[in-house]
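The values are calculated or read from the model by the stated rules, or taken from the named source; none is laboratory data. Note that the structure is a prediction, hence the values are computed from the model and not measured. Note: areas computed on protein heavy atoms with side chains; ligands, DNA, RNA excluded. Shrake-Rupley method; radii C 1.70, N 1.55, O 1.52, S 1.80 Å.
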Amino acid sequence: MPGTDDEGSMTSGRALAEGFPDLTGLPVARRTHWGRWIAAALILVVLALIGRAFAQGQIEWTYVGRFLTVPVILRGIVNTLVMAVLAMSLGIALGLVVAVMRLSPNPVLKGVAAGYTWLFRGTPLILQLLLWFNLALVFPVIGIPGLWSVKSVEVMTPFLAALLGLGINQGAYTSEVMRAGLLSVDAGQAEAAQAIGMGRLKALYRIILPQAMRVVLPPLGNEFIGLVKATSLASVIQYPEVLHAAENIYYANSRVIELLIVAGLWYLLVVSALTPLQMLLERRFARGTARLGR
């Protein structure tokens, strides 16, 4: 442009007149981030050492490929997914009820909900699974006296014990997620719903929950992915999920590391498939909201 040289001369002249050197013609030097290069090199060295250890270790990779799709492993992964879905459904239902109780003005409901969260978040999950599985030692008979009763040992199968242990434990964590989501909705929304004649439950279902889902869904997705991996703990009570299936095989053929790798690959595959589904759900519930950077 015609005025560019004149403007540059005016800037240089102004800088010299004020006693400062003219730096406009100097090249811009990029800073060398030595720390990044050193960190990247160390990470590559560590990864190379790990890869070398697996390559030179006593691992028969042919067994990994052979047992990756055997029927017992496939049944195990199906049982893992079924248990994760059922336990998460139970956890969400319990979590929503407990979250509403925590926000209730009734001190009894508030105390019961707080005690439930404290108890099941404060004890290890594997301990809860073992307690449910051995419930017959505390309650030999379950039922209503004089009307109906059944032996606990007949009812508390590995499936039911795993479902109760995982689902009720998950409900304690989900309740805090749900409570945070409900608190994120402005109180004026509930007041407006009451002003047009909606009851508390209807306002919760029609107004509050749909808005809270945008906040609740991302942590719930993470909780579900964590629950898929937590189902592996059910192997201690003989529930036939994928890790239990792998253990049964390596007890017979002594290929421990190979079968553990098989189980690990299946967990990675399931989590990799669930992650984009979680993102799609987040986008669906985020429709109509303004997002920075989009």
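Going by accessible surface with a 1.4 Å probe and the largest first, Thr80, Thr32 read Thr32, Thr80. The apolar share of the surface of the stretch 213-256, taken as the fraction of accessible area on carbon and sulfur atoms (1.4 Å probe, ligands and nucleic acids excluded), comes to 55 percent. 3J(HN,Hα) couplings calculated from phi for the stretch 163-176 with the Karplus curve 6.51 cos²θ - 1.76 cosθ + 1.60 (θ = phi - 60°) are, in sequence order, 5, 5, x, 6, x, 5, 5, 5, x, 5, 6, 5, 4, 5 Hz; Gly and Pro show x.
Taken as Cα centroids, the stretch 78-102 and the stretch 165-222 sit 15 Å apart, rounded to the nearest whole angstrom.
Nearest 10 degrees, 0 to 90: what angle lies between the long axis of helix 242-253 and the longest principal axis of the chain (Cα atoms)? Compared with the principal axis, the helix lies near 70 degrees. Counted residue by residue at 0.36 nm each, then reduced by the alpha carbon distance between them, the extension gain from Leu131 to Thr69 reaches 19.0 nm.
Distance distribution P(r), the chain, all Cα-Cα pairs, bin width 10 angstrom from 0: 5, 17, 20, 19, 15, 9, 7, 5, 1, 1, 0 percent. Look at the Cα gyration tensor of the stretch 42-83: its axes a ≥ b ≥ c give a/c of at least 1.5 with a/b at or below b/c, and that counts as oblate. Based on protein heavy atoms only, the chain ends up with 65 Å² per residue of surface accessible to a 1.4 Å probe. Across the stretch 31-103, the fraction of Cα-Cα pairs farther apart than 18 Å, rounded to a whole number, is 72%. The per residue volume of the convex hull around the alpha-carbon atoms of the stretch 162-275 is 102 Å³.
Working note: 222 nm ellipticity from helices only, DSSP H runs with n ≥ 4, each -39,500 (n - 2.57), summed and divided by the residues of the chain, gives -23500 deg cm²/dmol to the nearest 500. Helix 256-285 and the longest principal axis of the C-alpha atoms of the chain enclose an angle of approximately 70°.
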